[in-house]
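Coordinate-derived values only; no laboratory data. Note that the structure is a prediction, hence the values are computed from the model and not measured. For neighbour counting, all protein chains shown are included, and Cβ atoms are generated from backbone atoms with ideal geometry for every residue, glycine included.
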Amino acid sequence: MTRPIALVTGASRGIGRAIAERLAETHDLILVARDEAQLQDVSIACQATGARTDCIAVDVTNFLATAERLTGLHVDVLVNNAGVAVMKPFLDMTAEEWHRMVNVNVNALYHVTRAVLPGMVERGHGHVCTIGSTAGRNTFVGGTAYAGTKHFVMGFSESLMLEVRDAGVGVSVVMPGSVDTDLFPASTNRTWMLEPRDVADAVAFVVHTPPHMLVHRIEVRPLSPKRPRESSTPQSH
Ligand SMILES: NC(=O)c1ccc[n+]([C@@H]2O[C@H](COP(=O)([O-])OP(=O)(O)OC[C@H]3O[C@@H](n4cnc5c(N)ncnc54)[C@H](OP(=O)(O)O)[C@@H]3O)[C@@H](O)[C@H]2O)c1
């Protein structure tokens, strides 16, 4: 039987890897990130559940390269997951850090979505799920750029949802609190955080709703942390 196809950006590790492995239970996968060796590793894990996989090593901040590699691909579910975080006070942030966050967390949403959305609209079927954050509706010291980009995700996703739902394309945003991934420095206390597979379950939930309904926004938080917070790293949970 033909499976639907899900494209996951930032699939080489962390939350994206967990999403790919979770969706591999029901979908074939197109795995996108820069690290080809890590993508191959994820690809093998996904194939173990019967999924067919394609790995595309591309920097999603590069508009031309992304358009060249992704335009015209048949994609039923797009998960815009690739993201970076530099959390520090505005006056300590370099221009390079600011631009990197805006390029990955904001501009790449245009590059990737622009490449695959036309096919969904033509087929009258599809789903675009973007990984936002609770920082998309909260603010915190050290969050001028990160929280700013995740607020953008909310405006982008809700506007796009209104534009394409009549064409049969659903748009959703999954907003996790803090998740135990490489996004945080190694020294961070992680015992109270969500696991990447928790976010993957939320993505699977929004993707698998009946065709006539859409869960547009879902916020995922840890419950009953194993230990009280100890770290002083800026956090949003
Ligand atoms: N961890 C958290 O607490 C948390 C909480 C809420 C939301 N989120 C969001 O969840 C998403 C995933 O974060 P994570 O925690 O899983 O981070 P992570 O472990 O650092 O993984 C980030 C992923 O993004 C990819 N990526 C980064 N820059 C890229 C680029 N220029 N081109 C292509 N791929 C790129 C990386 O792959 P390569 O390096 O191989 O390119 C990697 O697969 C992000 O949008 C993040 O904002 C995370």
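Miscellaneous remarks
- Centre separation in Å (Cα based) which lies between the range 17-41 and the range 152-173: 24 Å
- Simple spin-label estimate for ARG190 and ASN138 gives 1.9 nm between the two label positions (7 Å along the Cα-to-Cβ direction from each Cα).
- Global geometry of the range 5-220, whether rounded, prolate or oblate, following the gyration tensor of its Cα atoms and the 1.5 cut on a/c: rounded
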